Amino acid sequence: MQEIKVNLPPDLKVGAKFKGVFEIEVKDKLGNLISKSKAENIITGQGLNHILNVEFCGATQIATWYLVIFESNYTPLDGDTYAVPGYVEFTAFDEATRPIYDKTLGNKQVTNSASEGVFTANATKTLYGAALVGGGTSPTVKGDTAGGGTLECAGRFAANQPVIAGNVVNLTYSVTVADAG
């Protein structure tokens, strides 16, 4: 096979840039806003490999993704995986399963802003960040790390979010893509 070299101008940017942002709102039992914060995420190595594998190698797409909030003081890393996420998942909420990431596609953006993930706290905790998981055998199970899923991305909130029993936590995740040029 012959190698072909192309000389590109040094200021030419090629590729695509993804940007994901988690937005959290903590409300009291009456629906009054207590606090809110944002987290820009990293797409983990596992998540990037999943994207490439589906897009270019014909791997099976993960149809349903789930929202996760974590309660450990942790900053996500590229090497984090579903099996070893680095964080401790927040599981002290009333809902039986992880909330579905009920997303819609718009102008180069996927978001669940029309259908936020809801977590009703049943204990006093501090929330530090959020993640998006899917695939495997048990992605709906709170705290699962053994199900062989994919940790697509994770991010740490700009401000830690304390919650008490009865607080309602709404989580939105939006990812945009743009040409890097």
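Tell me, which residue of the stretch 18-34 that is acidic (Asp, Glu) and in a strand (DSSP E or B) is farthest from Val163 (Cα to Cα)?
Applying the filter and picking the extreme gives Glu23.
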Can you name every residue in the stretch 131-176 that is part of a strand (DSSP E or B), more than 18 Å from the chain's Cα centre (by Cα) and surrounded by fewer than 16 Cβ atoms within 10 Å (Cβ to Cβ)?
-> Pro162
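Somewhere in the stretch 121-130, is a residue in a loop (DSSP other than H, G, I, E, B), surrounded by 15 or more Cβ atoms within 10 Å (Cβ to Cβ) and at pLDDT 95 or above? Talk me through it step by step, then tell me what you get.
Of the stretch 121-130, the ones in a loop (DSSP other than H, G, I, E, B) are 122-124.
Retained after the next criterion (residues that are surrounded by 15 or more Cβ atoms within 10 Å (Cβ to Cβ)): 122.
With at pLDDT 95 or above added as a condition, the list becomes 122.
Yes: the stretch 121-130 contains one or more residues that are in a loop (DSSP other than H, G, I, E, B), surrounded by 15 or more Cβ atoms within 10 Å (Cβ to Cβ) and at pLDDT 95 or above.
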The one condition Ala92 fails out of (1) touching a residue at least 40 places away in the same chain (Cβ under 8 Å); (2) among the hydrophobic types (A, V, I, L, M, F, W, C); (3) out of contact with any Ser or Thr (no Cβ under 6 Å at 6 or more places or on another chain) is (1)
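Test of understanding: among Leu67, Leu105, which residue is surrounded by 14 or more Cβ atoms within 10 Å (Cβ to Cβ) and assigned to a strand (DSSP E or B)?
Going through Leu67, Leu105 in turn, just one is surrounded by 14 or more Cβ atoms within 10 Å (Cβ to Cβ) and assigned to a strand (DSSP E or B): Leu67.
Taking the stretch 88-101, which residues are surrounded by 15 or more Cβ atoms within 10 Å (Cβ to Cβ) and not aliphatic (A, V, I, L, M)?
Glu89, Phe90, Thr91, Phe93, Arg98, Pro99, Tyr101
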Of the numbered conditions (1) within 19 Å of Ala154 (Cβ to Cβ); (2) surrounded by 13 or more Cβ atoms within 10 Å (Cβ to Cβ); (3) at pLDDT 95 or above, Asp78 satisfies every one except a single condition; which is it?
-> (2)
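The values are calculated or read from the model by the stated rules, or taken from the named source; none is laboratory data. Keep in mind that this is a model prediction, so the values were computed, not measured. Quick reminder, even Gly has a Cβ in these numbers, built from the backbone with ideal geometry, and neighbours come from all protein chains shown.
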